[in-house]
Amino acid sequence: MGLFDKIKNEFIDIIEWVDNSNDTIVWKFPRYQNEIKMGAKLTVRESQVAVFMNEGKIADVFQPGMYTLETQNMPIMSTLRGWKYGFNSPFKADIFYISTKQFIDQKWGTKNPITLSDPRFGFIELRSFGSFAFRVTDGAKFIKEIAGTDENFTTGEVTEQLRSMIVTKFTDAVGEGNIPVEKFAANMDELSKLGHDKLNADFLEYGLTITKFLVENVSMPEELKKEIFNYSRLNAIDMNKLAQFNTANAIGDAAKNQGLGGAGVGMGVGMGMGNMMTNMFNNQNTNQNQNNGVVPPPPPIVQFHVVVNGAQAGPFNLQQLQAMAASGQLTKASMVWKAGMPNWLAAETQAELVSLFNNVPPPIS
């Protein structure tokens, strides 16, 4: 700056800020050892505030409007300075303009996965990203808590500070929101509202208001997705039917693994499965017709192990044993055992098995 400019600007009489950028939040009015003339004109446009600082302390804050700087317009400044040289003396002060417009389309995201505890799936890791918008609602507090004495403070600087705070508060909001993890994708609006409310509860102390907060995506590990899909499918079916069906399949597999072979055993397994499925649906209909809502316990399933060709086989239920008796693999003299018996005994000694031999034709003589 030349000597002429220094002399010309010895006394400032017009103070204003015309913002041509889209990302400047704080702008310091420039001066070179010059003083503001008492009676100078201060212009504060809509979506701006002007903060006067005297020797590092926040003095007066001017809202939108045009002001003639006089002692009645600057009560705090007048008190701080005391106007040693009279109330009409020029003065020095740092003047910070702060934009209060809404800054939109600011991005946020989780650099690292956030960890949550779910009562069904345990500790899970999620990633999320989205956008937010904010504005300064208390210029003096914003300078004190965030901007400091930065002469040109942009959205890039503030969002770097805010992103970590946003992720922390969003994690808290998700944890307190009681939204099942499998329903995150269908509840983006609710997640966004939870984050918005949680953020504003804390950001006010920085002179900021989050005007919009959007969660655009929540992602999770593939193995967790598969677990959630399986969980949702199980919730959609009748668990009793599933258990009974799996039991029937297990009995069939057990019969095959014994290596008994023969049409009789196959027929027995088929009869057993068929009877089980029939009983399953009959029991379901019976339960549905009961008005008192009390379901009686199912009768115990009787199963015996059988010695076949010198080897232990089974256990087999009564339907399977009926088929084995019909095929000759089970006779009255066959050795059998069930839970609770101290030793192996002949089949004809067991009351449950005696009836199996009544319909068996005698051997051809």
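The values are calculated or read from the model by the stated rules, or taken from the named source; none is laboratory data. Predicted model only: the values in this text are computed from it and were never measured. Here the Cβ is made from the backbone with ideal geometry for all residues, glycine too, and neighbour counts use every protein chain on show.
Strands (runs of 3 or more DSSP E) fully within segment 39-78 that include at least 3 residues being surrounded by 16 or more Cβ atoms within 10 Å (Cβ to Cβ): 48-54, 57-62.
Number of residues in segment 168-203 that are within 15 Å of L214 (Cβ to Cβ) and part of a helix (DSSP H, G or I) equals 17. Could you list all residues from segment 85-134 that are surrounded by 15 or more Cβ atoms within 10 Å (Cβ to Cβ), among the polar types (S, T, N, Q) and within 30 Å of Q72 (Cβ to Cβ)? Answer for segment 85-134, where residues must be surrounded by 15 or more Cβ atoms within 10 Å (Cβ to Cβ), among the polar types (S, T, N, Q) and within 30 Å of Q72 (Cβ to Cβ): S99, T100. I'd like the full set of residues that are modelled with pLDDT under 85, under 60 Å from the mean Cα position of the chain (by Cα) and not in a helix (DSSP H, G or I), limited to segment 343-365. Listed by number, the list holds a single entry, Q350.
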